[in-house]
1. For the stretch B:41-65, give me each residue that is within 10 Å of another protein chain (Cβ to nearest Cβ) and either within 13 Å of B:S17 (Cα to Cα) or open to solvent by 10 Å² or more (accessible area, probe 1.4 Å) (or both).
2. What are the residue pairs meeting all of these: first residue in the stretch A:247-261, first residue in contact (Cβ under 8 Å) with a residue 24 or more places away in the chain, second residue among the acidic types (D, E), Cβ atoms under 8 Å, and 6 or more apart or on different chains?
3. Does A:I318 satisfy being under 30 Å from A:A88 (Cβ atoms) and either in the same structural domain as A:A53 (by TED's automatic domain parsing) or buried (at least 24 other Cβ atoms within 10 Å of the Cβ) (or both)?
4. Would a scan of the stretch B:170-177 turn up a residue that is more than 16 Å from ligand 2 (Cβ to nearest atom) and either surrounded by fewer than 24 Cβ atoms within 10 Å (Cβ to Cβ) or at pLDDT 95 or above (or both)?
5. Evaluate the following for A:I293: is it within 27 Å of A:A33 (Cβ to Cβ), in the same structural domain as A:I417 (by TED's automatic domain parsing), surrounded by fewer than 24 Cβ atoms within 10 Å (Cβ to Cβ) and in contact (Cβ under 8 Å) with a residue 12 or more places away in the chain?
6. How about the stretch B:26-104: which strands (runs of 3 or more DSSP E) wholly inside it have at least 2 residues that are of a type in the set (V, I, T) and more than 13 Å from ligand 2 (Cβ to nearest atom)?
7. Cβ-Cβ distance below 8 Å, separation of 6 or more or different chains: which pairs start in the stretch B:92-113 with a residue that is more than 7 Å from every other protein chain (Cβ to nearest Cβ) and closer than 24 Å to B:L77 by Cβ and end on one that is polar (S, T, N, Q) and open to solvent by 20 Å² or more (accessible area, probe 1.4 Å)?
8. So which strands (runs of 3 or more DSSP E) stay within the stretch B:208-287 end to end and still have 3 or more residues that are under 30 Å from B:L21 (Cα atoms)?
Amino acid sequence: MRAIFAIARKDLRLLLRDKGDVFFTFVFPVVIAILFGFVFGGGSNSGSKLELAVVRESDSVLALGIEEDLANDAAFETTAFPTRDAAADAVRAGKVTAAVILPKSLDSGLEGLFSGQGIAIDAVVDPSRRAEAGLIQGKLNELAFRQFPKLFANGDEMKRAFSAARTSIASARGMSPTQKLLGAGMITAAESFTSSIGDEDASTNASGGGANGAAGNTADFTPIRVKVEELAPRAGRPRASFDVTFPQGIVWGLAGCFGAFASSLVTERARGTLDRLRLAPITAFHLISGKAIACLVAGLLVQALVFAVALTFFGSQIAQPAMLVVACFAAAFAFAGLAMALAAFCRTEAEANGAGRGAILILALIGGGTIPLFFMPPFLRTLSYGSPFRWAVAAIEGPFWRDTPVSEQVVPLVVLIAIGFLGWIIGARALWRPFAR
Amino acid sequence: MMRRNTQSSCVHYPSQSVLSLRDIHRRFGHTIAVDGLTLEVRAGEVFGLLGPNGAGKSTTIAIATGLLAPDAGAVDLLGLGSPANPKVRMHLGLAPQEITLYAELTARENLRFFADLYGVSNARARVDDLLALVELDARATDRVATFSGGMKRRLNLAAALVHDPKLVLLDEPTAGVDPQSRNRILELVRRLASEGKTILYTTHYMEEAAKICDRVGIVDHGRMLDVGTVADLIARHGGQSAVTVERDGAEERILTADPVAEVARQFARANSDRERGEVGREVTGLRIERPDLETVFLSLTGRSLRE
Ligand SMILES: Nc1ncnc2c1ncn2[C@@H]1O[C@H](COP(=O)(O)OP(=O)(O)O)[C@@H](O)[C@H]1O
Ligand SMILES: [Mg+2]
């Protein structure tokens, strides 16, 4: 045990005394996190479509109309989901950007519009996608308004709506006589207005109404209310893009650790110090474990540093601190194991630097190191399952800001720990032969 | 029959034997690095392995420590068996030919690390003692990267001693150092020997071998050409001494087994010449050349050690 810790302490010292390693392990990740935070914070307009989950609970003409228009809209890629929960899960898992719920209340069609409630549409968004939330909200308002001409064009629907509205206004208890009078007047005005309404007018109105709806103010009368709900709403504090980019920074920090340690065995071989290690009464397992522990500690240090910066300077909050610690351990463990596996296989420093850093760069890129997973086109996102970085990001984001239930955090944690063990064992075994001679 | 053979080969190892290599062969591709080499290092001696670059000294050391497996032949350390076994190789310490230290760690951190690897008890005190022994106590907290060649060499040697091994293998421990540092290292080796360590010392400098080794083995092309004390080797292979007498600017070179007697004879002749009044035949110079390990190497291989 003493030998293992001696090796770990020695390797950490060497890491901290190498300026290049310190930069790539500790400085670079923080810089990346902050830089990307500002880039993504400045609003995102990636050319790709936003993926929407659509849950239609109403079979009304209005609901069907909105669903159809959403599907035909160039800005969206829609998928139908059976329940709100399923859709919310998909948002949480990052499979879609937002979920739009067309609730049962749309059954009442236009009646709701004049009863003072307006038409309610719910949307569930990933808190990291605030920029998209506004867009979706505006778009939904627009689409809802676009349904009006269709409804107005249907005379029976119209008459039914106006009479229903009259009755509901007359019987409404919360309305003052003045308001009732105004309401009745509006309905009359609307009745005469419908004969002259056209498509262009509808769209003009739509943008105005959209802005109104997006503001989310509950004015006394809002014809269409799109209620946007963030998945993990946190009182008073808007979630920032930094919440997304700091886990990305961690990915780069882990990549730095990996790079430093993947080449450390080769360096020992090249400098001859490996001979001294081989002469000492230790086994390959001691050596690999000592180095892996050093890598693990370095990985934890990076993560602690990144989170310290995020909490101190960027107002991030941690949803589940205990689970986050577990996730950080698992992530660092996975990369320590990976580094050891690579370290034991590479025979030259050039190999370790080339293969090691090259492979890690690609894995970091497809694993969400630069492009967040939810911005990726679907095929890349599928590819990302092959990257340990993706699992690290998933494991860290869950308890950090997604606030996912612990049951959903198990999979990434198990994957990371499995990667770590596997690498560790492969490393020790690969090293065993030359070491034992 | 087989059994008796095995037994008799065991009997060949005296209890004194610390390291024994028997008929070692090792090749790298087409290069034959060690070619049937046999040697035995006895307790308490400084055994020198003398040979030119490429003779196979380092390969022999690597095999002796268990770092490298021989293609054929047997290695035994202290009668305990092969040093490939970690329990056996605990008893040896190696200072490799290359400086094998962590340049970014300090002298003390390096030694402490190796002491911890060996589970040395009271490591702190042990490290301080060693730093004092190799006269690096004043630079203990400086990084090795800032050291001179001689200082690195001394620390490289100290790292072989952390676990107080019985056998110390020093592979060209003076390579690349200035003469003053070299003398310090040679003194250090003698001191270790006087404290009871057994030392296997490789070098391609015959002066070093002659100065500090109790016995010397001459190697070339991976073969042990002869082993013995320096005097034995010279007696066997050095040939005669030369006495060079200079008279009136003319030199006469006389080969003799007993140069002192020859010198005395030359003086006696000069005296009698003077008494007989023969002038112009004064001896103006006299030089004795004794054979040395260089001569031995020349006579064994037909080549010079320092080609
Ligand atoms: N790892 C190796 N691979 C190939 N050839 C080697 C290797 N080690 C030594 N040799 C060759 O074996 C011979 C003996 O080398 P070495 O034992 O280092 O000699 P010395 O230490 O006496 O200078 C040399 O010809 C050298 O080139
Ligand atoms: Mg050598």
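The values are calculated or read from the model by the stated rules, or taken from the named source; none is laboratory data. For clarity, every value in this text was computed on a predicted model and none was experimentally measured. Quick reminder, even Gly has a Cβ in these numbers, built from the backbone with ideal geometry, and neighbours come from all protein chains shown. Areas reflect the complete protein model, heavy atoms only, side chains present, ligands, DNA and RNA absent. Shrake-Rupley method; radii C 1.70, N 1.55, O 1.52, S 1.80 Å.
1. Hit for the stretch B:41-65 is B:A62, nothing else.
2. Pairs that qualify, where the first residue is in contact (Cβ under 8 Å) with a residue 24 or more places away in the chain and the partner is among the acidic types (D, E), are A:P247/A:E397; A:G256/A:D21; A:G259/A:D21; A:A260/A:D18; A:A260/A:D21; A:F261/A:D11.
3. The answer is no for A:I318.
4. The answer is no, given that none of the residues of the stretch B:170-177 is more than 16 Å from ligand 2 (Cβ to nearest atom) and either surrounded by fewer than 24 Cβ atoms within 10 Å (Cβ to Cβ) or at pLDDT 95 or above (or both).
5. Answer is yes for this residue.
6. Counting at least 2 such residues, we get B:31-42.
7. From residues that are more than 7 Å from every other protein chain (Cβ to nearest Cβ) and closer than 24 Å to B:L77 by Cβ, the pairs are B:Q97/B:S58.
8. B:215-220, B:223-228
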